[in-house]
1. Can you tell me how many residues in the stretch B:32-43 are surrounded by 17 or more Cβ atoms within 10 Å (Cβ to Cβ) and free of Cβ contacts under 8 Å to residues at least 40 places away in the same chain?
2. Within the stretch B:49-97, how many residues are at the interface with chain A (Cβ under 10 Å from one of its Cβ atoms), open to solvent by less than 30 Å² (accessible area, probe 1.4 Å) and not hydroxyl-bearing (Ser, Thr, Tyr)?
3. Anything in the stretch A:29-43 that is over 11 Å from the mean Cα position of the chain (by Cα), within 10 Å of another protein chain (Cβ to nearest Cβ) and open to solvent by less than 20 Å² (accessible area, probe 1.4 Å)? List them, or say none.
4. Is at least one residue of the stretch A:89-106 open to solvent by 10 Å² or more (accessible area, probe 1.4 Å), among the basic types (Lys, Arg) and under 23 Å from B:Glu58 (Cα atoms)?
5. When the stretch B:1-29 is examined, which residues are found to be more than 12 Å from every other protein chain (Cβ to nearest Cβ), open to solvent by 20 Å² or more (accessible area, probe 1.4 Å) and not in a strand (DSSP E or B)?
6. List the strands (runs of 3 or more DSSP E) inside the stretch A:17-114, counting only whole elements, that have at least 3 residues being without any contact (Cβ under 8 Å) to a residue 12 or more places away in the chain.
7. Applying the selection to the stretch B:98-111, what residues are open to solvent by 10 Å² or more (accessible area, probe 1.4 Å) and not in a loop (DSSP other than H, G, I, E, B)?
8. With the requirement that a residue be among the aliphatic types (A, V, I, L, M) and closer than 20 Å to B:Pro85 by Cα, what does the stretch B:1-18 give you?
Amino acid sequence: DQQVKQNSPSLSVQEGRISILNCDYTNSMFDYFLWYKKYPAEGPTFLISISSIKDKNEDGRFTVFLNKSAKHLSLHIVPSQPGDSAVYFCAASGMTGNNRKLIWGLGTSLAVNP
Amino acid sequence: SAVISQKPSRDICQRGTSLTIQCQVDSQVTMMFWYRQQPGQSLTLIATANQGSEATYESGFVIDKFPISRPNLTFSTLTVSNMSPEDSSIYLCSVATGPYEQYFGPGTRLTVT
């Protein structure tokens with residue numbers, strides 16, 4: 001059962017436009033959410049995060065929005081640049097027993113076209 | 001954050017053999033994790049490597065198949081034992097420097113023939 005879902009396997013946008021990547025989750029116990037970017041042959045790189053007590057977090061061109069009632073978060077990249085082309089993973093953090101773990105989505109492959 | 005290196009970066013192994021993957025961190029960290037990413041799949045946590053105690057394995061992963069060592073706060077190894085083609089995957093180590101974010105090594109791409 002996929003607790004974190006990224007329903008769009010791929011997304012293509014023009015350079016300079018906005019990229020919106022979506023993520024849905026099912027477990028209301030998740031209290032922190034993270035976005036990672038992954039280039040081929042590299043490990044995931046932490047991008048931005050948001051606590052469940054907030055609805056927005058912004059860092060430069062990247063903004064994450066959280067809608068707790070809908071169990072939905074999104075990552076906005078504006079303006080998009082060709083270097084943003086990568087696979088983006090949504091991850092949710094929650095306690096399982098005494099341990100905190102990250103649960104990952106399947107990823108969305110973003111292509112930013114010049 | 002932390003700088004994490006992994007060895008080897010890739011390997012091709014024959015079924016029935018074992019491979020040990022090393023993970024080195026540039027600073028002392030309490031929590032280290034080992035993940036697997038199979039083709040077309042997301043990241044799956046194999047185990048949490050705790051310094052000074054046995055690793056904590058996730059459901060579906062056992063110590064006999066994936067023994068882990070954590071001799072100090074900057075180093076860990078994961079061994080993939082008695083490999084089969086189904087073990088072909090990218091293996092990633094990560095560290096947590098705080099309660100939430102994890103930072104990843106570059107990964108080890110394993111192909112089992």
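1. 1
2. Qualifying residue count for the region: 4.
3. Result: A:Gly43, single match.
4. yes
5. Matches in the stretch B:1-29: B:Pro8, B:Gln14, B:Arg15, B:Gly16, B:Thr17, B:Ser18, B:Asp26, B:Ser27, B:Gln28.
6. A:56-59, A:99-104
7. B:Tyr103, B:Phe104, B:Arg109, B:Thr111
8. B:Ile12
The values are calculated or read from the model by the stated rules, or taken from the named source; none is laboratory data. It should be emphasised that the depicted structure is a prediction, and the values quoted were computed from it without experimental measurement. Neighbour counts run over all protein chains shown; Cβ positions are idealised from the backbone, glycine included. Ligands, DNA and RNA are excluded from the accessible area calculation, which covers all protein heavy atoms including side chains. Shrake-Rupley method; radii C 1.70, N 1.55, O 1.52, S 1.80 Å.
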